[in-house]
Amino acid sequence: MKYFVNTVDQQVFAFEDDVEVLVREGVYTFNTTDGSPLESLPTTLLPCDPPPPYVPPPMDAAAAIAERNALLAVATLRIDPLNDAVELGDATPAEVASLRAWRQYRVALNRIEQQPGFPATVEWPIAPA
């Protein structure tokens with residue numbers, strides 16, 4: 001991978017290794033493997049190091065709790081009809097299993113504040129399928 005930065009707006013462009021890079025009078029141009037030029041690229045590109053991987057900023061407690069509450073609301077919407085089927089006595093084995101999975105998920109969501117890295121790092125549980 002080859003990386004170039006636009007000196008005007010700092011946008012980084014990444015090119016596969018098979019892209020041919022030519023420089024003439026300080027201006028870089030880029031060609032495909034068949035020699036066709038890549039169109040619509042700025043003329044203000046310069047080689048640069050690869051950008052660091054994106055690391056999301058840590059959450060604060062209020063944001064983590066808000067996210068948890070939104071996920072709990074979704075879980076409740078999925079659990080309620082499954083509870084109805086069980087209470088009516090006509091739940092299928094798959095519905096009973098799904099209800100158990102959703103309940104376990106909801107419990108895990110309620111426990112995020114007990115995680116060692118909370119709120120900066122939260123290991124979010126995976127919602128059942």
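Could you list all residues from the range 47-80 that are open to solvent by less than 40 Å² (accessible area, probe 1.4 Å) and among the polar types (S, T, N, Q)?
Those that are open to solvent by less than 40 Å² (accessible area, probe 1.4 Å) and among the polar types (S, T, N, Q): none in the range 47-80.
Starting from the range 50-61, take each residue that is closer than 30 Å to F15 by Cβ and list its partners that are open to solvent by less than 80 Å² (accessible area, probe 1.4 Å) and outside any loop (DSSP other than H, G, I, E, B), counting only C-beta distances under 9 angstrom and pairs at least six apart or across chains.
That search, which allows pairs on different chains as well, returns P50/Y3; P50/V12; P50/A14; P51/Y3; P51/V5; P51/V12; P51/A14.
Contact list please: Cβ distance under 7 Å, first residue in the range 12-29 and within 14 Å of T44 (Cβ to Cβ), second residue surrounded by 13 or more Cβ atoms within 10 Å (Cβ to Cβ) and hydrophobic (A, V, I, L, M, F, W, C), pairs at least six apart or on different chains.
Close Cβ pairs satisfying both conditions: V12/V5; V12/C48; F13/F4; F13/L45; Y28/F4; Y28/V21; Y28/L45.
The values are calculated or read from the model by the stated rules, or taken from the named source; none is laboratory data. Since this is a predicted model, take the numbers as computed values, not measurements. With ideal geometry, Cβ positions are generated from the backbone for all residues, glycine too; neighbour counts draw on all protein chains shown. Heads up: the accessible areas ignore ligands, DNA and RNA and are worked out on the full protein's heavy atoms, side chains in. Shrake-Rupley method; radii C 1.70, N 1.55, O 1.52, S 1.80 Å.
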